[in-house]
1. Looking only at the stretch 188-237, which residues are among the acidic types (Asp, Glu) and out of contact with any helix residue (DSSP H, G or I) (no Cβ under 6 Å at 6 or more places or on another chain)?
2. With the structure loaded, tell me whether VAL212 is among the aliphatic types (A, V, I, L, M), touching a Gly at 6+ places or on another chain (Cβ under 7 Å) and not in a loop (DSSP other than H, G, I, E, B) or whether it fails that test.
3. Identify the single condition in (1) closer than 23 Å to ALA237 by Cα; (2) in contact (Cβ under 8 Å) with a residue 60 or more places away in the chain; (3) in a loop (DSSP other than H, G, I, E, B); (4) among the basic types (Lys, Arg) that ARG112 does not satisfy, given that it satisfies every other one.
4. Return the residues of the stretch 147-194 that are among the charged types (D, E, K, R) and either closer than 26 Å to GLN223 by Cβ or crowded, with 16+ Cβ neighbours inside 10 Å (or both); say none if nothing qualifies.
5. Does the stretch 211-224 hold any residues that are within 16 Å of SER264 (Cβ to Cβ) and either surrounded by fewer than 22 Cβ atoms within 10 Å (Cβ to Cβ) or over 13 Å from the mean Cα position of the chain (by Cα) (or both), and which are they?
6. Across the stretch 41-56, what is the total count of residues that are in a loop (DSSP other than H, G, I, E, B) and within 20 Å of the chain's Cα centre (by Cα)?
7. Quick one: in the stretch 153-175, of everything that is of a type in the set (A, V, I, L, M, F, W, C) and under 17 Å from ARG204 (Cα atoms), which residue is modelled with the lowest pLDDT?
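The values are calculated or read from the model by the stated rules, or taken from the named source; none is laboratory data. Please read all numbers here as calculations on a predicted model, not as lab measurements. Cβ placement follows ideal geometry from the backbone for every residue including glycine, while neighbour counts extend to all protein chains displayed.
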Amino acid sequence: MNTQSHPFDLAIRLVPEGEGCSRGATSPAYANMVGPFGGITCAVLLQAVLMHPQRQGDPIALTVNFAAPISDGAFRIEARPVRTNRSTQHWVVQLTQEDGVAATATATLAMRRDTWSVPEAMPPSEIPPASALAPMPHTGAPAWVRSYDLRFAEGGLPSAFDGREQPHSRSEVWVRDEPPRPLDFLSLAAICDSFFPRIFLRRRTFAPVGTVSLTSFFHADAQMLARQSDRHVLGAARAMNYRNGFFDQSAEIWSDDGQLLASSHQIAYFRD
């Protein structure tokens with residue numbers, strides 16, 4: 001499929017308006033239960049930075065704060081570089097709709113250098129390859145789920161929301177854009193939010209939830225992403241705490257040859 005006609009690229013398409021401003025619109029292909037899938041919002045905010053004429057370098061960090069529900073329809077994004085150093089560039093981004101600010105973000109880009117490099121984290125072990133696992137059925141799922149090929153080794157959605165609390169909410173899942181699309185920083189930013197809310201797994205009950213703030217760190221460079229191409233990446237996610245209406249989620253995204261591509265951390269609200 002031509003990248004420009006891929007549903008993901010259509011969803012993050014922005015029309016420049018000058019002075020770092022651009023306009024876009026939500027996509028039905030990435031609709032969630034309320035508003036758009038959070039990952040596509042992360043991607044479109046990062047897109048506003050990457051298409052800016054003052055951009056220098058590639059992303060190493062992105063923090064998105066979901067200030068209000070995003071309504072279906074048009075939105076406006078303003079991306080502004082606030083400081084450019086020798087090796088890093090810092091950005092402030094804001095998404096607005098008619099009723100005000102809906103999301104804000106900060107992004108850090110960097111000029112990567114060849115240096116001593118070594119991993120310390122290790123990928124999940126003894127995980128079957130994606131080809132050995134069945135894709136998750138899409139029946140009854142929000143539209144955005146149909147935009148991914150999800151193959152769970154552990155921690156898929158429970159077969160029934162029966163309230164039987166589980167001891168952990170760990171998930172290990174192979175994930176790929178559907179239809180397949182070569183991986184880049186934009187699709188990686190979206191995949192960092194492609195895990196179901198941890199509370200669904202832990203409590204086996206459906207509850208209103210929403211991400212409040214999500215930070216993703218990009219450990220891969222552009223060459224690593226190009227080598228991954230459109231093959232499945234391995235995601236691992238878990239929560240550490242649920243308290244007073246909020247819970248966290250930590251996640252890792254690994255290449256199929258065991259390289260850490262990204263890690264993410266988010267805080268979400270829930271209602272009983």
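1. ASP221, ASP230
2. The answer is no for VAL212.
3. Status for ARG112: all satisfied but (1).
4. Scanning the stretch 147-194 gives ASP149, ARG151, ARG170, GLU172, ARG176, ASP177, GLU178, ARG181, ASP184, ASP193.
5. Within the stretch 211-224, THR211, VAL212, SER213, THR215, PHE217, HIS219, ALA220 qualify.
6. Total meeting the criteria: 1.
7. The selected residue is ALA160.
Residues are listed down the side, and each one gets a yes or a no for (1) within 24 Å of LEU261 (Cα to Cα); (2) touching a Lys or Arg at 6+ places or on another chain (Cβ under 8 Å):
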| site | (1), (2) |
| --- | --- |
| ILE77 | no, yes |
| VAL82 | no, no |
| VAL93 | yes, yes |
| ASP99 | no, no |
| ALA103 | no, no |
| THR115 | yes, no |
| ALA121 | yes, no |
| PRO124 | yes, no |
| PRO129 | yes, no |
